[in-house]
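A quick write-up on the structure given underneath.
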Amino acid sequence: MTGTSTSAAPMLETRALVKRFGGLAATDHLSLSVAVGELHALIGPNGAGKTTLIGQLSGELTPDAGRILFDGRDVTALPVDQRSRRGLARSFQITSVFPSFSALDNVALAVQAHAGHSFRFWRDAARDRRLSDPARAVLERVGLGARADVPASALAHGEKRQLELAMALATGPKLLLLDEPMAGMGPEESARMVELLAELKGGVTILLVEHDMDAVFALADRITVLVRGAALASGSPAAIRADAAVREAYLGEEGEAV
Amino acid sequence: MPPLIRSPLAPRVALALLLIAALALPTVAVWAGEPFYLRLGARILVFALAAVSLDLILGFGGMVSFGHAAFVGIGGYVVGILFAHQADGSTLFGWPGTTNGYIVWPLAMLAGGLAALPIGAISLRTSGVPFIMITLAFAQMLFYLMTGLKAYGGDDGVALWSRTSFPGGPNIADHATFYYVSLGLLVAALLVCWRLVNSRFGRVIRGAKDNERRMRALGYPVTRYKLTAFVIAGALAGLAGALLANATLFVGPQYLHWSRSGDLIVMVVLGGIGTLIGPVLGAAALLLLEEFVPEAMNLVHAGLGEHWKIVLGPILLGLVLFARKGLWGLVTGGNRP
Ligand SMILES: Nc1ncnc2c1ncn2[C@@H]1O[C@H](COP(=O)(O)OP(=O)(O)OP(=O)(O)O)[C@@H](O)[C@H]1O
Ligand SMILES: [Mg+2]
């Protein structure tokens, strides 16, 4: 794992990552590897430390120990915005959009972030097709094309979740960190989201945190089960399904029919 | 809430009416034999410029600066200090003083912007209440610094006996000319700010006001952009300071006092935060009230005008509660320019 051969090097790797909140180890010597192009699902009970891990990967939280390697480089000390500019995008478990901007402008803002610097003081950004055209295309892709001009604050919950994903997508990332993209969605919206993720799969590497086991087992190439900040198991969906420890510690407990 | 004014004016119509009124004021004042209104009008324009510059960071960037008057004061002191050296023929760091506007006014802007750079860089490490407190602390520091500048009058400040000169340009010693120059600069500043807030740069600072965390996650080095906006606002405030020194023929530490920064915030909120024209209306409203509330009170009972501040407070509170989106929102029905 020297990172010299790009084809074999993982897109993302954590090495003995530790994050403590007081006495609680929310991430406990976690070593995780996400291969280029795979859809890697991260599952685990409430409070297992999934969001805490995403926070460290994106740079909002500083780990207490361990390293994070992204695309062959150590990014442990890089601030959030620089990681994003290197191709690491995230969506938020709790919807985080720009309420006073329209849906289109939310996405345009994401496009603009990756279209060079923004020290441009004179031209009207709203009329800049280099921002609005790609933004509109991404909105169409997530199924929000008809809602482009609606203020984000006026979107329905499910639509906000779609917008959340659209913004992450619009940055043209190498790696997508998705924190429960289907949280709070109705069955129809969820199905659409699963369809969309299936389309995205292969084109972009995805680390997916999700409680919906049907979605996870339908989409994932690999699954890691997180319990109390540590990886209980990691493997193919079939292997995870058959794993006795996983069944006992998590799947059984959740009452999921697996 | 039901609309309080039945048929609000379209923003463009309101804007045109405002501009016509502003252009006509000197003629009307002369015709009415009340040159005092010309001076009051100029003061309003100057404070409007300062308030617009504050709204750029407060209303669009979400930076609640409680020290904005410091940059106005610094701009004023550039005019005052250079005037003082010109007057007694002394030098400053080996340079002679001057009242040449082509030098002095750009220098006032430069000084405002340069002062805003370190103050912004330090203040922007925080946000929310700490940001308010730090900007306030810096401004008070500068206030005391000016109080201690005995060479420039200390507490008493510097009195000017002539306005800035523009060789080959407008003669602003004439009140009407000074008024029109101030109006021209305010309109130019409004135009620049309007382009600015709608540009890519403007979107970044507006986005940061809405959701700074998400902006970072999208890849924006947010602080850099906010600091740039802070410096631009400081430079515009510096220009307002240069105008203020010329309007009053005086500069003193009180221009930097926290209560002046508070006045600027009141103008922005009263007129309509996050709108560019709002602060202009807010400046006009506050200065007119300050002018006429004491007079009206004296009419009711001689000497009562002394206590005008007790009356002004509730009037402002009432106005802010009545016009939730500010005076500009009241006039235009809440449309943004
Ligand atoms: N900022 C914080 N301060 C203190 N404790 C925290 C903080 N953030 C998370 N925790 C704790 O760390 C543990 C992991 O939380 P985390 O949000 O990462 O779980 P999760 O796996 O995302 O759960 P969920 O499925 O409910 O989203 C929990 O016990 C939580 O209470
Ligand atoms: Mg979570």
Looking at (1) open to solvent by less than 10 Å² (accessible area, probe 1.4 Å); (2) among the aliphatic types (A, V, I, L, M); (3) within 12 Å of another protein chain (Cβ to nearest Cβ); (4) in a helix (DSSP H, G or I), which is the one condition that is false for A:Leu165? (3)
Can you confirm whether the stretch B:247-256 contains a residue that is among the aromatic types (Phe, Trp, Tyr), in contact with a Leu (Cβ under 8 Å, 6 or more places away or on another chain) and within 14 Å of another protein chain (Cβ to nearest Cβ)? no
Just one of the numbered conditions (1) within 15 Å of ligand 1 (Cβ to nearest atom); (2) surrounded by 23 or more Cβ atoms within 10 Å (Cβ to Cβ); (3) under 25 Å from A:Ala166 (Cα atoms) is not true of A:Thr27; which one? (3)
Subset of the stretch B:163-200 [in a loop (DSSP other than H, G, I, E, B) and open to solvent by 50 Å² or more (accessible area, probe 1.4 Å)]: B:Pro167, B:Gly168, B:Pro170, B:Asn171, B:Ala173, B:Asp174
For the stretch A:82-97, give me each residue that is more than 7 Å from every other protein chain (Cβ to nearest Cβ), part of a loop (DSSP other than H, G, I, E, B) and within 16 Å of ligand 1 (Cβ to nearest atom). A:Phe92, A:Gln93, A:Ile94, A:Thr95
Looking at the stretch A:98-121 only, could you name the residues that are under 20 Å from B:Thr223 (Cα atoms) and at the interface with chain B (Cβ under 7 Å from one of its Cβ atoms)? A:Phe98, A:Leu109, A:Ala110, A:Gln112, A:Ala113, A:His114, A:Ser118, A:Phe119, A:Arg120, A:Phe121
Cβ contacts < 6 Å: first residue more than 7 Å from chain A (Cβ to nearest Cβ), restricted to the stretch B:186-214; second residue in a loop (DSSP other than H, G, I, E, B), any location; separation 6+ or different chain. Result? B:Leu190/B:Leu276; B:Cys193/B:Leu276; B:Trp194/B:Leu276; B:Ile205/B:Gly61; B:Lys209/B:Gly61; B:Lys209/B:Gly62
Output for the stretch A:123-140, where each listed residue is closer than 27 Å to A:Gln82 by Cβ and either in contact (Cβ under 8 Å) with a residue 40 or more places away in the chain or in a loop (DSSP other than H, G, I, E, B) (or both): A:Arg123, A:Asp128
With the condition kept exactly as written, say whether any residue in the stretch B:99-117 is in a strand (DSSP E or B), open to solvent by 30 Å² or more (accessible area, probe 1.4 Å) and not charged (D, E, K, R). yes
So A:Gly184 fits all but one of (1) in contact (Cβ under 8 Å) with a residue 40 or more places away in the chain; (2) in a loop (DSSP other than H, G, I, E, B); (3) surrounded by fewer than 19 Cβ atoms within 10 Å (Cβ to Cβ); what number is the exception? (1)
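Checking the conditions here, which among A:Val97, A:Val138 is of a type outside the set (D, E, K, R) and closer than 27 Å to B:Gly274 by Cβ?
Values: A:Val138 fails: closer than 27 Å to B:Gly274 by Cβ.
Matching residue, one of A:Val97, A:Val138: A:Val97.
Of A:Gly37, A:Gly72, A:Gly59, A:Gly66, which residue is small (Gly, Ala, Ser), touching a His at 6+ places or on another chain (Cβ under 9 Å), open to solvent by 10 Å² or more (accessible area, probe 1.4 Å) and in contact (Cβ under 8 Å) with a residue 12 or more places away in the chain?
On the way: A:Gly37 fails: touching a His at 6+ places or on another chain (Cβ under 9 Å); A:Gly72 fails: touching a His at 6+ places or on another chain (Cβ under 9 Å); A:Gly59 fails: touching a His at 6+ places or on another chain (Cβ under 9 Å).
When all the criteria are applied, what remains is A:Gly66.
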Quick count over the stretch B:289-312, residues being closer than 30 Å to B:Pro11 by Cβ and either free of Cβ contacts under 8 Å to residues at least 40 places away in the same chain or open to solvent by 70 Å² or more (accessible area, probe 1.4 Å) (or both), is 5
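Test of understanding: among A:Leu42, A:Leu61, which residue is outside any strand (DSSP E or B) and either out of contact with any helix residue (DSSP H, G or I) (no Cβ under 9 Å at 6 or more places or on another chain) or within 16 Å of ligand 2 (Cβ to nearest atom) (or both)? I'd like the intermediate steps shown before the answer.
Values: A:Leu42 fails: outside any strand (DSSP E or B).
None of the others qualify; the one that does is A:Leu61.
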Tell me yes or no: at least one residue of the stretch A:1-18 is surrounded by 18 or more Cβ atoms within 10 Å (Cβ to Cβ), away from chain B (no Cβ under 14 Å) and within 16 Å of ligand 1 (Cβ to nearest atom). yes
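I'd like to know if the stretch B:258-277 contains one or more residues that are assigned to a strand (DSSP E or B), open to solvent by less than 20 Å² (accessible area, probe 1.4 Å) and either of a type in the set (Asp, Glu) or farther than 30 Å from A:Arg86 by Cβ (or both).
Within the stretch B:258-277, the subset assigned to a strand (DSSP E or B) is none.
No: zero hits.
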Within the stretch A:42-55, does at least one residue satisfy the condition of being open to solvent by less than 40 Å² (accessible area, probe 1.4 Å), within 14 Å of another protein chain (Cβ to nearest Cβ), of a type outside the set (Phe, Trp, Tyr) and more than 30 Å from A:Val246 (Cβ to Cβ)? no
State whether the residues of the stretch A:141-155 include one that is within 14 Å of chain B (Cβ to nearest Cβ), touching a residue at least 12 places away in the same chain (Cβ under 8 Å) and not in a helix (DSSP H, G or I). yes
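Pick from A:Pro79, A:Pro134: which is more than 16 Å from ligand 1 (Cβ to nearest atom), within 12 Å of chain B (Cβ to nearest Cβ) and open to solvent by 20 Å² or more (accessible area, probe 1.4 Å)?
On the way: A:Pro134 fails: within 12 Å of chain B (Cβ to nearest Cβ).
Criteria check complete, one pass: A:Pro79.
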Quick one: A:Leu78 ticks every box in (1) among the hydrophobic types (A, V, I, L, M, F, W, C); (2) within 14 Å of A:Asp179 (Cα to Cα); (3) touching a Lys or Arg at 6+ places or on another chain (Cβ under 8 Å) except a single one, so which number is it? (2)
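Please work out if A:Pro99 is within 26 Å of A:Ala218 (Cα to Cα) and not acidic (Asp, Glu).
Working: within 26 Å of A:Ala218 (Cα to Cα): no; not acidic (Asp, Glu): yes.
Against the criterion (within 26 Å of A:Ala218 (Cα to Cα) and not acidic (Asp, Glu)), A:Pro99 does not qualify.
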For the list (1) within 16 Å of ligand 2 (Cβ to nearest atom); (2) surrounded by fewer than 18 Cβ atoms within 10 Å (Cβ to Cβ); (3) not β-branched (Val, Ile, Thr), I need the number of the one condition that A:Asp149 fails. (1)
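The values are calculated or read from the model by the stated rules, or taken from the named source; none is laboratory data. None of these values were measured; they are calculated from a predicted model. Reconstructed Cβ throughout: ideal geometry from the backbone, glycine too, with neighbour counts over all protein chains shown. SASA here: full protein model, heavy atoms, side chains in, ligands and nucleic acids out. Shrake-Rupley method; radii C 1.70, N 1.55, O 1.52, S 1.80 Å.
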